[in-house]
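J.: Encoded as structure tokens, here's the structure I'll be asking about.
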Amino acid sequence: MTPPVLRAIVGLSCASSLLARDCSGDATCAADDAIDSMSALQTVGGERVRVPMANSTARRDRSSAPRGVPFLGGGKGSVLGAHEEGKLLIEEDGVLKTYYLPGATIEDAGRTVKFTPPLRFYLMKEPTTDYSDAAKFYKPIFPGKTFTVDMKLENVGCGCNVNFYLVDMPVAEAGKDNDHYCDGQCFDGLGCCAEFDMNEGNNAVQQITNHACTRDYDGHPDWACHKWGEPEVKMSPWEFSGGRGHTIDGNKPFTFSQQFKMTDGQLQVITTITQGAAKVEKTMGPSAQLQAMLTGGSLLNGMAFVTGYWTAPDMNWLDGDVCGGGTERCSEAPAYISNWRITTDSPAPPAPPKPEPNPEPNPGPAPSGEGSYKCCYGGASCNAKGHWCNEEEHCTGSCGGQWTKV
């Protein structure tokens with residue numbers, strides 16, 4: 001049996017090697033501070049030694065600064081030049097469609113977005129910076145679909161945050177950034193609304209977080225939305241981080257895929273990261289807060305898609321398990337997200353019919369389309385007019401709803 005002191009030393013050695021690569025170059029996180037945050041003094045075998053903590057990131061508070069700054073061009077409704085319009089191709093069910101991320105740097109003939117801090121961008125139907133008009137946003141309806149991109153985060157380390165997420169903007173007030181923005185952190189001078197973080201991270205970590213707004217959070221009566229996030233799913237350092245020794249090497253290109261799976265009206269979000277033959281899969285939900293995002297938020301009707309790259313010296317709430325608790329400095333190395341695609345999930349095969357005694361005469365199929373029928377979920381909510389799920393085969397298939405007469 002390995003002596004307890006030696007086991008502790010071996011454990012600390014593993015933690016130290018995990019930290020080493022993030023404390024070089026421009027991505028700094030002082031080694032002593034990092035080791036302190038990932039370990040604690042304990043009595044082992046009669047001696048006081050420093051041993052790794054099971055969960056090093058105790059601090060859940062997020063950085064106090066909002067997520068970057070918006071691209072405003074020449075002002076609301078200004079005409080954007082070709083270099084500013086951010087023309088992006090997204091493959092939807094095998095068909096390439098054109099959308100816009102005004103202000104973003106687009107490469108590879110519309111297939112790759114190059115990110116550098118501190119800007120954030122909004123996915124639009126047209127090249128405009130008029131963020132007051134909800135009709136100008138492209139708001140994908142993700143339930144029953146899968147979103148997939150290829151990502152390259154080489155040298156995008158501690159203190160960096162590359163992200164894409166959904167919010168219920170625009171809000172009525174322009175706010176201090178003059179872009180009608182809102183999110184679940186409810187920052188002063190900005191709007192407050194439901195937020196679903198599809199992904200945020202760097203080459204050390206990837207995280208998915210749900211910020212519903214149910215105003216009933218124990219111990220936080222002042223919260224309109226869950227600021228910490230519930231549920232939250234994070235890749236462990238063993239599953240995802242930079243360098244060898246992890247299932248996914250965050251310094252090499254990987255594919256990120258996220259399925260919004262509906263089953264009997266309940267939402268699960270299944271996130272898969274692949275790199276060659278390597279694969280990590282994480283499942284979020286079902287849960288009450290995720291269900292609140294589905295219905296009380298606007299996942300069923302579409303939310304604004306936001307993406308960007310921001311930095312902070314206190315990004316430890318995100319990457320502290322690898323980077324430690326010290327002050328961080330992002331390298332500001334460019335990040336790349338390519339080959340954007342959205343696919344409709346195939347409906348599950350129907351269950352075999354159950355025989356019924358003395359069946360009633362068949363009244364014929366219910367009318368398809370919207371008409372007097374809608375796709376509803378447990379009697380609590382129904383899809384809005386024009387929703388993809390308001391077709392009987394979609395509703396009872398991949399949408400997981402009930403075809404209901406209204």
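The values are calculated or read from the model by the stated rules, or taken from the named source; none is laboratory data. Source: prediction; values computed, not measured. Cβ coordinates were reconstructed from backbone atoms using ideal geometry, including for glycine residues, and neighbour counts include every protein chain displayed. Heavy atoms of the whole protein, side chains included, go into the accessibility calculation; ligands, DNA and RNA do not. Shrake-Rupley method; radii C 1.70, N 1.55, O 1.52, S 1.80 Å.
J.: Condition first: surrounded by fewer than 14 Cβ atoms within 10 Å (Cβ to Cβ), at pLDDT 95 or above and touching a Leu at 6+ places or on another chain (Cβ under 9 Å). Now tell me which residues in segment 69-96 satisfy that.
T.: Leu96
J.: If you don't mind, there's one more thing I want to ask. What are the residue pairs meeting all of these: first residue in segment 247-271, first residue more than 22 Å from Cys160 (Cα to Cα) and in contact (Cβ under 8 Å) with a residue 40 or more places away in the chain, second residue among the aromatic types (Phe, Trp, Tyr) and crowded, with 19+ Cβ neighbours inside 10 Å, Cβ atoms under 7 Å, and 6 or more apart or on different chains?
T.: Final answer for the pair search is Phe260/Phe142; Gly265/Tyr377; Leu267/Phe260; Val269/Phe260.
J.: Specify the residue that is farthest from Glu230 (Cα to Cα); the eligible residues are those in segment 266-321 that are modelled with pLDDT under 95 and among the polar types (S, T, N, Q).
T.: It comes out as Asn301.
J.: Of the residues that make up segment 227-234, is at least one among the charged types (D, E, K, R), open to solvent by 30 Å² or more (accessible area, probe 1.4 Å), more than 23 Å from Thr128 (Cβ to Cβ) and part of a strand (DSSP E or B)?
T.: yes
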